[in-house]
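The values are calculated or read from the model by the stated rules, or taken from the named source; none is laboratory data. On a predicted model such as this, the values are computed, not experimentally measured, just so you know. Using ideal geometry, Cβ is built from the backbone for each residue, glycine included, and neighbour counts are taken over all protein chains shown. SASA here: full protein model, heavy atoms, side chains in, ligands and nucleic acids out. Shrake-Rupley method; radii C 1.70, N 1.55, O 1.52, S 1.80 Å.
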Amino acid sequence: MILDDFKLTGKVAIVTGCNTGLGQGMACALAEAGADIFGVYRSTPGETPAMIRKCGGRFEGIQADLSVPANAENIINQAVNTYKHIDILVNNAGIIRREDSIAFSEKDWDDVLNTNLKSLFFLSQAAAKHFIAQNSGRIINIASMLSYQGGIRVPSYTASKSAVKGLTMTLANEWAQHGITVNAIAPGYIETNNTVALRADEKRNAAILERIPAGRWGTPDDIKGAVVFLASKAAEYINGFTLAVDGGWLAR
């Protein structure tokens with residue numbers, strides 16, 4: 001039955017930035033599909049462990065600062081030591097800094113690139129070493145509408161998310177021969193901590209809503225189907241692709 005191909009029973013998924021927003025929603029979705037979760041969070045895991053256990057999954061995790069890319073290998077090793085194997089890596093953790101490009105600081109540039117791109121690469125590299133050994137694995141990166149567009153006042157975020165889309169294709173090219181798929185999800189405008197400022201700005205909020213054919217901001221629940229699909233057997237012949245979940249934003 002085709003629905004069986006979407007089940008993740010017996011799989012272990014690492015989800016970075018799992019404590020709120022998109023990361024929490026995706027971790028719950030993967031657990032609902034049958035996976036056990038190894039979460040990565042900067043401060044506390046919040047309500048995520050209880051939410052995962054409520055739907056029958058196991059949750060373990062680690063506190064780590066992903067602006068320090070050297071933490072990547074330890075995170076993967078901790079997950080493997082905890083569950084004895086890993087099957088899915090969701091590179092969700094990300095930060096954003098807003099400032100006019102003319103005044104943008106080197107620190108804000110480095111902090112965003114280190115978290116959104118450099119750590120993503122080294123987490124993927126460390127996970128791929130285990131995936132190659134077992135000849136299977138799923139890597140799902142979180143891109144953005146700014147993987148396709150320039151945006152304003154977010155130069156480092158735009159650079160990082162444009163690079164995530166390109167890196168997704170590169171890693172897919174190299175690792176497909178080992179049974180690994182590398183894809184990305186590009187969320188549209190979603191109600192998360194990163195978009196609080198935009199939603200609070202009446203003019204920007206109105207302009208954004210006017211551009212979205214669906215007529216509303218997305219929610220973390222809108223990403224659930226995409227992440228389960230890309231993590232599942234049903235998507236085993238999809239590789240190097242960035243899937244927009246945007247309410248039609250890019251189509252307009």
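Considering only residues in the stretch 205-214 that are in contact (Cβ under 8 Å) with a residue 24 or more places away in the chain and touching a helix residue (DSSP H, G or I) at 6+ places or on another chain (Cβ under 8 Å), the one that is surrounded by the most Cβ atoms within 10 Å (Cβ to Cβ) turns out to be I212.
Give me a count of the residues in the stretch 94-114 that are part of a loop (DSSP other than H, G, I, E, B) and not hydroxyl-bearing (S, T, Y).
Here is the first cut: in the stretch 94-114, the residues part of a loop (DSSP other than H, G, I, E, B) are 94-100, 104-105.
Right, trim to not hydroxyl-bearing (S, T, Y) and you get 94-100, 104.
Of the residues in that region, 8 qualify.
Within the stretch 28-54, being without any contact (Cβ under 8 Å) to a residue 40 or more places away in the chain, touching a helix residue (DSSP H, G or I) at 6+ places or on another chain (Cβ under 6 Å) and outside any strand (DSSP E or B) holds for A31, T48, M51, I52. When the residues of the stretch 56-94 are filtered to those that are open to solvent by less than 20 Å² (accessible area, probe 1.4 Å) and of a type in the set (G, A, S), the one that is nearest to S43 (Cα to Cα) is A64.
Restricting attention to the stretch 192-204 and to residues that are part of a helix (DSSP H, G or I) and closer than 21 Å to K161 by Cβ, the residue that is most open to solvent (accessible area, probe 1.4 Å) turns out to be N193. A186 falls short of the stated requirement of being within 18 Å of F122 (Cα to Cα), of a type in the set (G, A, S) and surrounded by 14 or more Cβ atoms within 10 Å (Cβ to Cβ).
Scan the stretch 218-237 for residues that are assigned to a loop (DSSP other than H, G, I, E, B) and in contact with a helix residue (DSSP H, G or I) (Cβ under 7 Å, 6 or more places away or on another chain) and the total you get is 1. Each residue in the stretch 1-26 was checked for being open to solvent by less than 10 Å² (accessible area, probe 1.4 Å) and without any contact (Cβ under 8 Å) to a residue 60 or more places away in the chain, and 0 of them qualify. With respect to the conditions (1) closer than 21 Å to I140 by Cβ; (2) open to solvent by 50 Å² or more (accessible area, probe 1.4 Å), S101 lacks only one, and its number is (1). Residue count for the stretch 119-140 satisfying the condition of being under 19 Å from T242 (Cβ atoms) and open to solvent by 40 Å² or more (accessible area, probe 1.4 Å): 1.
Quick one: which residue in L89, L66, L117 is assigned to a helix (DSSP H, G or I) and in contact with a helix residue (DSSP H, G or I) (Cβ under 7 Å, 6 or more places away or on another chain)?
Working: L89 fails: assigned to a helix (DSSP H, G or I); L66 fails: assigned to a helix (DSSP H, G or I).
The match here is L117.
Close Cβ contacts (under 7 Å, 6 or more residues apart or on different chains) running from residues in the stretch 124-145 that are within 15 Å of V80 (Cα to Cα) and touching a residue at least 24 places away in the same chain (Cβ under 8 Å) to residues that are aromatic (F, W, Y) and crowded, with 18+ Cβ neighbours inside 10 Å comprise A128/W175; G137/F131.
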